[in-house]
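A short worksheet on the structure shown next.
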Amino acid sequence: MELFANLALGFSVALGPSTLFLAIVGCIIGTMVGALPGLGPSNGVAILIPLAFSLGLDATEALVLMTAVYYGAMYGGRISSILLNIPGDEPAMMTTLDGYPMAKQGRAGDALVLSGVASFFGAFLATIGLMLLAPILARVAFLFGPAEYFALYLLAFCTLGGIGSNNQAKAAISVCIGLGIAMIGVDNSTGLTRFTGGNMHLFDGVDFLVAIVGLFAVSEIFIFIESHGKDSSIGVKLEKVTIPIKHILNTRWTMLRSSFIGFFAGVLPGAGASLGSFLAYMFEKSSSSDKSQFGKGDPRGIAAPEAGNNAAAGGALVPMLTLGVPGSGTTAVLLALLMTLNITPGPLLFTERPEVVWGLIASLLIANIVLLILNVPMVKIFSRLLEVPASILLPGVTMISFVGIYSLSGSYFDLLLMIGFGVLGYFLRKLSIPTVPVILGILLGGHMEVSLRRAMVLSDGNWTYLFSSSIAISLWVAAFVGFIAPLFLRQFLKKPKAPNGTN
Amino acid sequence: MSDRLTGLIVLVVALAFFASATQLEMPFFSDPLGPKVFPMLISGVAIISATFLITKPDKEPEWPTLSTFYKLLFATLILILYAYLLKPLGFLIPTALNASALSYQIKPDIKLSLITGLCLSLILFFIFRYGLGLGLYAFPKWLIG
């Protein structure tokens, strides 16, 4: 009954007044971030991290705040999907397929409540899954040596690149950009500076928060300026919030199935929430006997992707906390938060800092209940946010990103670097080169090199050491399959066309 | 065409990266791998991928029109200007100007964008300075002494 003892510890942390307050604040901010069109979980969390530091929170508090924002943004993303047909972020895309048609039929309230309940279902089950699976995986992770970690990082890059992109070469280039940037600065084991071009500002390397905010938030500004005026979708007004009890009861098995699918898609390193919602929707559609209503406002088509993507969001925390390998773009951002707080995720985190892990898990259970309240009875308030005009929203978001990064170091150089990353992100997105692997490369590049070098020290330069354990071999095989398999599966799993108004 | 060009740029950068890695001095006491090998591996992967991209490019992406492109260039320039001015001129003035300029990019209405910029600058200053306690200066230091 170690689990209950751990949970008791967790709740003793989570119910402390400041932690509880931060969890609630995080939920509110997160739902707002998710609801605002163009601001999704990853860039929303990225912008807020530097500001969270300035509050001087301790590790647990900062983690609880940002994870609550993350969960909240996953909930809130459906609001603009349903009412505007514009997904707040990629994972919410599948919700537009049935959510928007249902809203157009005058049942916007039904769609929002149903999706809110489905989100709760998915997120709650995933948090329980996290609670059960993470300690087990953490124990397995003790068996990992440098060779296994090297293969694991490779697996994360391969699956993330393989699934997240339509072109393997582009995915690989994206990973290389990230890894290359990670090499800039002082090499820790020899004290040599590498690739700095003699620039003093680069001796400490590129701060990953600067890169993240640049690639996610600043590039969004450019995309926004470019696409503005092309958005032709007509928003649906939310008149009255009604509770469709019949739909909720009818879709209970859909929610359960989708939560399972989503959770396991989230646990796969590199796959993440978009895959979770996609698989959940496709599974529900292909397994149902009556497919005619899908795409026209079928309640199952709303419940499945929402349960799936919220469950995947929880699942993605499992590899992030136990192995230090994030399962999605947003968990990559959360990993950046942990690294900046000087917390090394991995098996030791569970034994040495149980209050951080279990406090986080207990806070997430509480946050889910808060989010259900915010997203069902109070959804109308948040739907008002959609009326904020872009000409106010965009400059506001830009200024917040700038001040956040400026507050980290107070140097103009970081701001310039951030703009540079923004321009890079814009071009990468135009060329459909995924940006998440760049972030992952910057975050994990150092660790990946260290594990390779340690492995070579242990084996005295013998490369076959990398394949010397069964865990390592299975990771190499999985990495290879993860990178190559999407090439063949792509013909069968055609993603449905994005609704107009998205890119 | 865009993909071919990208592949070419990646190729050149990767080769430069590789060359730079080979120039790194091997320290006297070093692990078997040293600081060179991993960067060389990265550039190797990048070179292979870039070759693939050059030989098998995707469909041409939809590039913005020239006028949109100027808009984007202008936005980048004002952001760079903002980065340089934030410290010497204090928070309020550069932020108001920058926010107005960005707002104007989206909705070309001078009065509305000026009001937006001014309000955003004031509201954000109060949140950041007094809510979050960031060490921002409202006005240039030399002005207020």
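Give the distance, in whole Å, between the Cα centre of region B:82-135 and the Cα centre of region A:89-113.
Cα centroid to Cα centroid, the span is 35 Å.
Would you mind working out the magnitude of the charge dipole of region A:121-236 relative to its Cα centre, with +1 at each Lys and Arg C-beta and -1 at each Asp and Glu C-beta, to the nearest 20 Debye?
Working: 4 positive and 7 negative charges, 52 e Å.
That gives region A:121-236 a dipole magnitude of about 240 debye.
Of A:LYS104/A:LYS246; A:LYS104/A:LYS285; B:LYS71/B:LYS111; A:LYS430/B:LYS111, which sit over 26 Å apart, Cα to Cα? Write out the running numbers ahead of the final one.
Details: A:LYS104/A:LYS246 20 Å; A:LYS104/A:LYS285 21 Å; B:LYS71/B:LYS111 19 Å; A:LYS430/B:LYS111 33 Å.
Listed pairs above 26 Å: A:LYS430/B:LYS111.
Starting from the Cα of A:ASP58, step 7 Å along the direction of its Cβ; do the same at A:SER292; then give the gap between the two resulting points in nm.
That separation, rounded to one decimal, is 6.2 nm.
Starting with the fewest neighbours, write out A:SER432, A:SER287, B:SER100, A:SER292 ranked by other beta-carbon atoms found within 10 Å of each beta-carbon.
So the residues, fewest neighbours to most, are A:SER292, A:SER287, A:SER432, B:SER100.
Dipole size in debye (nearest 20) for the protein assembly as shown around its Cα centre, Lys and Arg Cβ +1, Asp and Glu Cβ -1?
Details: 37 positive and 32 negative charges, 307 e Å.
About 1480 debye.
Would you mind calculating the gained length between A:ILE128 and A:SER474 on full extension (0.36 nm times residue separation, minus the Cα-Cα distance), in nm to one decimal? Mind dumping the intermediate values first?
Numbers: separation 346, 0.36 × 346 = 124.56 nm, distance 2.75 nm.
Residue separation times 0.36 nm, minus the Cα-Cα distance, leaves 121.8 nm.
Share of Cα-Cα pairs in region B:66-144 beyond 21 Å, in percent?
32
Cα convex hull of region A:1-77: mean projected area in nm², to one decimal?
If you wrap the Cα atoms of region A:1-77 in a convex hull and average its projections, you get 5.3 nm².
Can you give the Rg to Rh ratio of chain A, both from alpha-carbon atoms, with Rh computed by the Kirkwood formula? Numbers along the way, then the final one.
On the way: Rg = 21.7 Å, Rh = 22.7 Å.
My calculation puts Rg/Rh at 0.95.
Work through the residues other than B:TYR137 whose Cβ is under 15 Å from its Cβ and net out their charges, Lys, Arg +1 and Asp, Glu -1.
Once positives and negatives cancel, what remains is +3.
What is the P(r) of region B:6-145, as percent of Cα-Cα pairs per 5 Å bin from 0?
Each 5 Å bin holds this share of Cα pairs: 2, 9, 11, 11, 10, 8, 8, 9, 12, 13, 6, 2, 1, 0.
Choose one of A:ILE47, A:ILE373, A:GLN293: the residue whose Cα lies farthest towards the positive end of the charge dipole of region A:2-489 (beta-carbon charges +1 Lys, Arg; -1 Asp, Glu; about the Cα centre).
A:GLN293
So how do B:LYS87, B:LYS36, B:LYS59, B:LYS141 line up by other beta-carbon neighbours within 10 Å, fewest first?
By the 10 Å Cβ count, ascending, the order reads B:LYS59, B:LYS141, B:LYS87, B:LYS36.
Rounded to whole Å, give me the distance from the Cα center of region A:314-357 to that of region A:398-437.
Here the answer is 24 Å between Cα centres.
Looking at chain A, which longest stretch skips every one of the trypsin sites (Lys or Arg not before Pro) that is in a DSSP loop with at most 15 other Cβ atoms within 10 Å, leaving the sites themselves out?
Details: sites that count: A:LYS230, A:LYS237, A:LYS240, A:LYS291, A:LYS296, A:ARG490, A:LYS494, A:LYS497.
In chain A, the maximal stretch lacking such sites is A:1-229.
How would you rank A:330-336, A:415-421, A:468-474, highest first, on the average number of other Cβ atoms within 10 Å across their residues?
A:330-336, A:415-421, A:468-474
So if I restrict to the alpha-carbon atoms in region A:396-470, what is the Rg, and what is Dmax, the biggest pairwise distance, in Å?
Answer for region A:396-470, Rg first and Dmax second: 18.8, 55 Å.
How much mean residue ellipticity at 222 nm does the protein assembly as shown get from its helices, if each DSSP H run of length 4 or more adds -39500 (n - 2.57) and you divide by all residues, to the nearest 500 deg cm²/dmol? Each step should come with its number before you reach the end.
Values: 29 runs with 454 residues, N = 648.
Computed ellipticity for the protein assembly as shown at 222 nm equals -23000 deg cm²/dmol.
Over all Cα pairs of region A:1-145, how is the pair count split among 5 Å bins, expressed in % and running from 0 up to the last occupied bin?
Final binned percentages: 2, 10, 15, 17, 16, 15, 12, 8, 4, 1, 0, 0.
Mean separation of Cα pairs under 8 Å and 6+ residues apart, divided by the residue count of chain A: what relative contact order is that in percent?
Relative CO of chain A lands at 29 percent.
Take every residue in peptide A:367-376, count the Cβ atoms of other chains within 10 Å of its Cβ, and give the average of those counts.
Working: counts 0, 0, 0, 0, 0, 0, 0, 0, 0, 0.
The per-residue average across the peptide is 0.
Under a crude label model (7 Å from the Cα following the beta-carbon direction), how far is B:LYS56 from B:TYR84 in nanometres?
Each label point lies 7 Å from its Cα, and together they span 4.6 nm.
For A:ASN166 and A:MET378 in the same chain, what is the full-extension length gain: residue separation times 0.36 nm, less their Cα-Cα distance, in nm?
Extra length from A:ASN166 to A:MET378 when fully extended: 72.4 nm.
Residues of A:169-182, mean number of Cβ from any other protein chain within 10 Å of their own Cβ, rounded to a whole number?
6
Compute, for region A:359-466, the length of the dipole vector about the Cα centre, with Cβ point charges of +1 (Lys, Arg) and -1 (Asp, Glu) only. Units Debye, rounded to 20. Before the final figure, lay out each step's value.
Working: 6 positive and 4 negative charges, 52 e Å.
Value, rounded to 20: 260 debye.
Would you mind checking which residues have amide H under 5 Å from A:VAL186's amide H? H placed 1.01 Å from N; only 5 or more apart, or other chain.
Amide H neighbours of A:VAL186: A:ARG194, A:GLY205.
If I model a spin label as a point 7 Å beyond the Cα along the Cα-Cβ vector, how far apart are those points for B:ASP109 and B:ALA16 in nm?
Roughly 4.5 nm, to one decimal.
Report ³J(HN,Hα) in whole Hz for each residue of region A:310-326, in order, from the Karplus equation J = 6.51 cos²θ - 1.76 cosθ + 1.60 where θ = phi - 60°; Gly and Pro get x.
Karplus-based 3J(HN,Hα) across region A:310-326 equals 6, 5, 5, 4, x, x, 5, 6, 4, x, 5, 6, 8, 10, x, 10, x Hz.
What relative contact order, as a whole-number percentage, does region B:66-144 give when Cα pairs under 8 Å and 6 or more residues apart are counted?
Dividing the mean separation by the residue count of region B:66-144 yields 33 percent.
Quick one: what does P(r) look like for region B:2-55 with 5 Å bins over all Cα pairs, in whole %?
With 5 Å bins starting at 0, P(r) equals 4, 22, 24, 17, 13, 9, 6, 4, 1, 0.
Rounded, prolate or oblate: which fits region A:247-355, taking a ≥ b ≥ c as square roots of the Cα gyration tensor eigenvalues, rounded meaning a/c under 1.5, else prolate when a/b beats b/c?
Judged from the Cα gyration tensor, region A:247-355 comes out prolate (a/c at least 1.5, a/b above b/c).
Readers should treat all values here as calculations from the given coordinates under stated rules, not as data from a laboratory. Bear in mind that the values here come from a model prediction, so they are computed numbers and not experimental data. All Cβ positions, glycine included, derive from the backbone under ideal geometry; neighbour counts span all protein chains shown.
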